[in-house]
Every structure is written in structure tokens, then in C-alpha cells.
1. Going by the conditions given, is Q156 within 17 Å of A50 (Cα to Cα) and over 16 Å from the mean Cα position of the chain (by Cα)?
2. Out of everything in region 159-173 that is touching a residue at least 60 places away in the same chain (Cβ under 8 Å) and assigned to a helix (DSSP H, G or I), what residue ends up being surrounded by the fewest Cβ atoms within 10 Å (Cβ to Cβ)?
3. Given the criteria in contact with a helix residue (DSSP H, G or I) (Cβ under 9 Å, 6 or more places away or on another chain), within 20 Å of A58 (Cβ to Cβ) and modelled with pLDDT under 95, does E139 qualify?
4. May I ask you to verify whether R110 is open to solvent by 60 Å² or more (accessible area, probe 1.4 Å), under 22 Å from V164 (Cβ atoms) and of a type in the set (K, R)?
5. For region 39-78, how many residues are at pLDDT below 90 and open to solvent by 50 Å² or more (accessible area, probe 1.4 Å)?
6. Would you please name the residue that is surrounded by the fewest Cβ atoms within 10 Å (Cβ to Cβ), looking only at residues in region 84-105 that are farther than 17 Å from A36 by Cβ and not β-branched (V, I, T)?
7. Within region 46-54, does at least one residue satisfy the condition of being within 10 Å of the chain's Cα centre (by Cα), β-branched (V, I, T) and under 14 Å from L166 (Cα atoms)?
8. For G81, only one of the following conditions fails: (1) closer than 23 Å to V7 by Cα; (2) open to solvent by less than 30 Å² (accessible area, probe 1.4 Å). What is its number?
Amino acid sequence: AAGHDAVRQAVEQLNKAGAAIVYKKIDSTLRGPLGAELDAALDGCGLSLAVICPAFPAQGRTLSSGVLLVDGVPVAQSAVGDDPITPVQESHLPTLLAGQTRRPVHAIARPCGDDGSAALVAQWRALLPEGGIAVVDAEDEDDLAQIAAAAQVMEQPPLLAGSVGLARFVAEG
């Protein structure tokens, strides 16, 4: 509960300060209580939708069909799966989140082609009435750039969550 309150309060302060986009940094190998942290962040900013993409292709982390791969291996089968403190035992991010959040979890395929960001915007807008957490696949840097671009053109951007891989593109936007 203390962690939830700390995340919620931090996001509330960002929201009050007028942040255009709220970004929740997460571990690129899915360690930690991601669902609870996203619930807290959404509670704090009053948004209905979070978009999460932990991919960091430059570090060998990609998200394909909802499965986080570390150098091509599902994260739960990598060394992270055997971590003595925070082992990751589920590689399919929508499944992992479904067990950690009170919100619906949606899987979205990677943005492809020149209109990838427009397609993402359309999919995210369709989710706004129900809200929840949208897991977006990304296999390369262009996918991350399209996710960031999609968030930046929305009237009310979703809460974004990801690793440094996505954060870099959000900051550049």
C-alpha cells in the first residue's frame, strides 16, 4: 500500500504541474509489481488508459505477440527467470499484468508501416471508454518511435510506461 501511495502521489504532482505526458519507468525485464504500479499511476493522473511497452531493442529486449524476449529468449527462461530476489516467471506481459491489476489488459500488435502511429491512435481511442492497460509490441527502434509519436498527437495522451528504450523517444518528441 505504501508503494501504491508513493506512485499515486508522485503522478498527482506531475499532473498538477501540467505535465503533457506522464511516463512511468519500469524495468525492461518485467521485475517488480508492474500492475499495481500502473494502477497507482492511473489513479494519480486520472487517466483511463495506460500504454506499456518495456522493449529496449538496443539492449536485446523486444516484445513480440506480448512475449518479452531477452536476446531472443522468453524472459522467464533467461537468467532473469532465476533471479534470487525478483524472479520473473511469466514472459507473456498481458498474462503477467492480468494477475497484478484490477483493470482490463489489452494486447496490441506492433505498429507497422508509415501509418503505424495513426493506427495506434485509433486503437487507443477505441479503448478509452473501457480504459485499462494496453500492451504494445515493439521489435525495433522504429516501433518505439511510433508509439511515442502516437501518444504525442492524442488530445489527452495515455499514461506511458516502459523502459529507457521508449523513454528516449518520448523525451525527444
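The values are calculated or read from the model by the stated rules, or taken from the named source; none is laboratory data. Everything quoted here is computed from the prediction, not taken from an experiment. Here the Cβ positions follow ideal geometry from the backbone for every residue, glycine too, while neighbour counts run over all protein chains shown. Remember, those area values only see protein heavy atoms, side chains included, never the ligands or the DNA or RNA. Shrake-Rupley method; radii C 1.70, N 1.55, O 1.52, S 1.80 Å.
1. Criteria met by Q156.
2. Applying the filter and picking the extreme gives V164.
3. no
4. yes
5. Here the count works out to 1.
6. P84
7. Yes, because at least one residue in region 46-54 is within 10 Å of the chain's Cα centre (by Cα), β-branched (V, I, T) and under 14 Å from L166 (Cα atoms).
8. Only one criterion is unmet by G81, namely (1).
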